[in-house]
Structures are given as C-alpha cells and as structure tokens.
Amino acid sequence: MNTLIHHSTTIIGVALMVTGLVVRTLISRRRFNRRGITGLQLFQSFWHWRITTLIESLLNMIAALMILAGAFLTACGIYSNH
C-alpha cells in the first residue's frame, strides 16, 4: 500500500508538470498567432485586450504553480522510494 501511494504521488506530479507545460505552450502559441507584421499583438478593442491579457496572466500563474507543485510531488515520490 505504501508503494502505491509513492507511485501515485510521482504520477500525479508528472501529470501536473505536463499539464502546466501544455497550458503555457498553448498561451504562448495564441500570443504568437496574434502578432501582426510589426510584431505587436493585435486586438479588436481595448476590452478584448484587457480580458484576454488578464485571463492569460492568471492561467500562466496557475500553470507555473502546477509545474512547481508537480516537480515537488515528483521529487517527493522519487525520494520516498529510496
């Protein structure tokens, strides 16, 4: 039972890290695709810019926390197996 918990911790940690990396990659891709020929991000209006950047900033912070938590859980799972 104890080994199952350690393996679950490692699996959850890796899943959190992968999910966090995927979210950050998708946000970066959206930002890249919004850029025009001048290199600036193009929005339809001020409010689209505000809402989009707010949501993307929040998601980036959540994804960063997921990556950190995943690294911590993975390290704990690997360390506790030895």
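The values are calculated or read from the model by the stated rules, or taken from the named source; none is laboratory data. Source: prediction; values computed, not measured. As a convention, Cβ positions derive from the backbone with ideal geometry for all residues, glycine included, and neighbour counts pool all protein chains shown.
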- Filtering the stretch 27-37 down to residues that are under 13 Å from Glu56 (Cβ atoms) and either assigned to a strand (DSSP E or B) or of a type in the set (A, V, I, L, M) (or both) yields Ile27
- Note on the structure: Residue pairs qualifying under the 7 Å Cβ cut-off, at least six apart or on distinct chains, with the first in the stretch 54-82 being touching a residue at least 60 places away in the same chain (Cβ under 8 Å) and the second being of a type in the set (Gly, Ala, Ser), are Leu73/Gly13; Thr74/Gly13; Gly77/Gly13
- What is the number of the single condition among (1) closer than 30 Å to Gly77 by Cα; (2) in contact with a Lys or Arg (Cβ under 9 Å, 6 or more places away or on another chain); (3) loosely packed, with under 14 Cβ neighbours inside 10 Å that Met61 does not meet? (2)
- Query: Has the stretch 17-24 got any residue that is modelled with pLDDT of 95 or more and closer than 18 Å to Tyr79 by Cβ?
  - Reply: yes
- What do you reckon, is Thr38 under 16 Å from the mean Cα position of the chain (by Cα) and of a type in the set (Ser, Thr, Tyr)? no
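Can you pull out the residues in the stretch 31-82 that are among the hydroxyl-bearing types (Ser, Thr, Tyr) and farther than 30 Å from His7 by Cβ?
Thr38, Ser45, Thr52, Thr53, Ser57
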- Query: For residues in the stretch 38-71 being assigned to a helix (DSSP H, G or I) and of a type in the set (Val, Ile, Thr), which is farthest from Leu16 (Cα to Cα)?
  - Reply: Ile51
- Task: Kindly indicate the residue of the stretch 50-73 that is more than 10 Å from the chain's Cα centre (by Cα) and aliphatic (A, V, I, L, M) and also farthest from Thr25 (Cα to Cα) among those meeting that condition.
- Result: Leu73
- Message: Take the conditions at pLDDT below 95, hydrophobic (A, V, I, L, M, F, W, C), in a helix (DSSP H, G or I) and exposed (fewer than 14 other Cβ atoms within 10 Å of the Cβ) and apply them to Ile5. Does it pass?
- Response: yes
- For Gly20, state whether it is within 29 Å of His7 (Cβ to Cβ), within 13 Å of the chain's Cα centre (by Cα) and surrounded by 12 or more Cβ atoms within 10 Å (Cβ to Cβ). yes
